[in-house]
1. Can you give me the three principal axis dimensions of the range 172-273 from its C-alpha atoms, in Å, biggest first?
2. Could you give the spread of the C-alpha atoms of the range 413-506 along their three principal axes, from largest to smallest, in whole angstroms?
3. Once the other residues with Cβ under 13 Å from the Cβ of residue 98 are scored (Lys, Arg +1; Asp, Glu -1), what is the net sum?
4. With every protein chain in place, what's the accessible area of residue 476 (1.4 Å probe, Å², nearest 10)?
5. Take every Cα-Cα distance within the chain, group them into 20 Å bins from 0 onward, and report for each bin the whole-number percent of pairs it holds.
6. Below 8 Å between Cα atoms, with a sequence gap of 6+, how large is the relative contact order for the chain in percent?
7. Quick one: what Rg and Dmax do you get for the range 391-463 from the alpha carbons, in Å?
8. What dipole magnitude, in Debye to the nearest 20, does the chain give about its Cα centre under +1 on Lys/Arg Cβ and -1 on Asp/Glu Cβ?
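The values are calculated or read from the model by the stated rules, or taken from the named source; none is laboratory data. What you are looking at is a predicted structure, and each value in this text was computed from that prediction instead of being measured. Here the Cβ is made from the backbone with ideal geometry for all residues, glycine too, and neighbour counts use every protein chain on show. We work out accessible area using only protein heavy atoms, side chains counted, and drop any ligands, DNA or RNA first. Shrake-Rupley method; radii C 1.70, N 1.55, O 1.52, S 1.80 Å.
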Amino acid sequence: MGTFWGDERNYTQGISMYAKTFICPEDREEYLKCLSRQNLLEHLRREQPYIAVEYRMMPDEKNQRTWIRSTVVLAETTDDGSPRRAVYVAQDVTESKLKEEQDRYALQEACEAANRANAAKSDFMSRMSHDIRTPMNAIIGMTEIAVRHLDERERVLDCLEKITVSSKHLLSLINEVLDMSKIESGKIELSEEEVHLSELIDNLVTIIRPSVQKNNHELDVHITNVEHYRVLGDPVRMQQIFMNILGNSVKYTPPGGRLSLEIREKPSDMSGYGCYEFEFCDNGIGMSQEFLDRLFEPFSREEDSRVSKIEGTGLGMAIARNIARMMNGDIVVESESGKGSRFTVKLSLKRMDTIASDQEAVKDREQQKHQPLSKEALAKKRLLLVEDNELNREIAEELISQTGVAVDSAENGQEALERFGKMPENYYDMIFMDIQMPVMNGYEATAAIRKLSRADAAQIPIIAMTANAFAEDIRRSREAGMNEHLTKPLDVGEFMKCLEKWLGGN
């Protein structure tokens with residue numbers, strides 16, 4: 001074997017002493033096995049000219065551990081190809097091993113996070129399947145019952161009322177899923193409109209009142225130290241935050257419980273802005289500390305027999321906090337199981353010029369006094385309805401016809417543009433425009449109408465009536481030249497207000 005191998009006993013003792021002195025216990029066995037004289041003699045060949053092993057050294061005085069890569073390289077063979085001499089090389093590979101460990105740890109963390117997310121989403125899909133099928137079952141079932149009892153007016157009305165409630169619940173579930181998708185993709189946008197806080201709270205109380213009365217709850221509203229009621233913000237998203245919290249208070253507070261809402265205005269570090277706090281309290285079932293820690297995680301719900309039958313996506317609070325933070329605010333929660341909850345929504349809102357805003361409000365009210373807002377006035381009007389879906393077109397035509405307004409219909413934007421262009425000026429008083437249509441969409445049709453060289457093209461109210469319901473959709477409709485944005489499914493009350501607003505005073 002030549003001088004490299006020397007005496008087998010001396011070689012074995014040498015590597016054993018080295019391993020015992022310098023190599024950490026966890027790696028000694030592998031080192032000795034790999035670099036044993038027998039292993040080298042059996043495996044070192046021209047076709048396999050080296051054998052390597054990596055191991056950790058014993059920790060130094062700073063408790064740091066070095067990684068070494070030891071390689072035995074074949075240098076000379078005998079006539080039969082057996083190893084005669086070899087070279088031993090030791091290399092410090094600590095930096096590369098640490099990076100490898102970090103990468104492996106990061107990959108493991110990412111894998112575990114993905115598994116947790118997948119488990120949460122799988123659980124969410126299971127719950128959503130149940131929660132969506134529940135109102136769908138009510139809608140389909142009540143429709144069937146109504147058909148079987150057409151001659152019983154009261155029975156049919158009861159079925160229709162339950163269909164309406166179930167439809168609204170189904171819509172709220174769908175909206176939450178879509179909102180969460182928008183937030184996760186970073187595509188959600190906020191509008192900036194004038195908001196009167198007292199009106200916003202009045203609307204909130206009006207919406208929640210039927211549920212409060214049904215549960216025999218006591219609801220108190222207090223406004224404390226608020227000097228600036230008119231602010232700039234997104235009223236729809238603000239109401240979404242408040243409805244989510246107050247709606248949960250109603251759901252998770254037993255009958256006869258107490259709910260309260262207090263609004264406070266505090267000084268803000270930002271010039272021209274006010275720091276507004278909206279505090280929601282209840283004496284409901286409360287939450288465990290364990291659940292509080294993950295309250296704002298998507299798809300999270302309390303594992304509690306008291307809430308197992310209460311429907312919900314587990315997305316509402318995640319959406320609410322994301323929106324609050326987009327408004328330079330946050331949501332703080334205090335709760336204890338069995339003792340109720342306190343949610344404090346903090347929003348930083350730009351204050352309006354109060355005097356100018358109040359004067360404008362007075363002016364608007366005076367104008368409204370002199371508007372006829374009557375069926376006789378609407379009966380003299382004619383509008384163009386642009387909608388490609390036959391069922392949606394039938395619904396809109398029926399709603400419009402009940403006001404006395406005459407209606408013509410077009411099935412796409414190109415047809416609407418041609419029909420408008422053929423008619424004399426001021427033939428149409430208003431246009432309801434769908435967005436997603438074949439041939440020419442609503443944005444393109446509106447822009448094309450606005451460019452026509454006739455006086456009424458620039459003045460006629462064009463209202464988006466579409467299932468595109470996000471803030472960026474509203475912004476795009478305005479950029480295209482539309483005056484207002486109604487979302488589907490149509491809210492009959494909002495639809496009528498829109499008609500009266502644009503047609504009632506002309």
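1. Principal extents (largest minus smallest coordinate, Cα): 43, 37, 20 Å.
2. Principal extents (largest minus smallest coordinate, Cα): 33, 32, 19 Å.
3. Neighbour charge sum, excluding residue 98 itself: -1.
4. 120 Å²
5. All Cα pairs considered, the percentages come to 16, 36, 22, 14, 11, 2.
6. Relative contact order, the chain: 8 percent.
7. 12.0, 34
8. 340 debye
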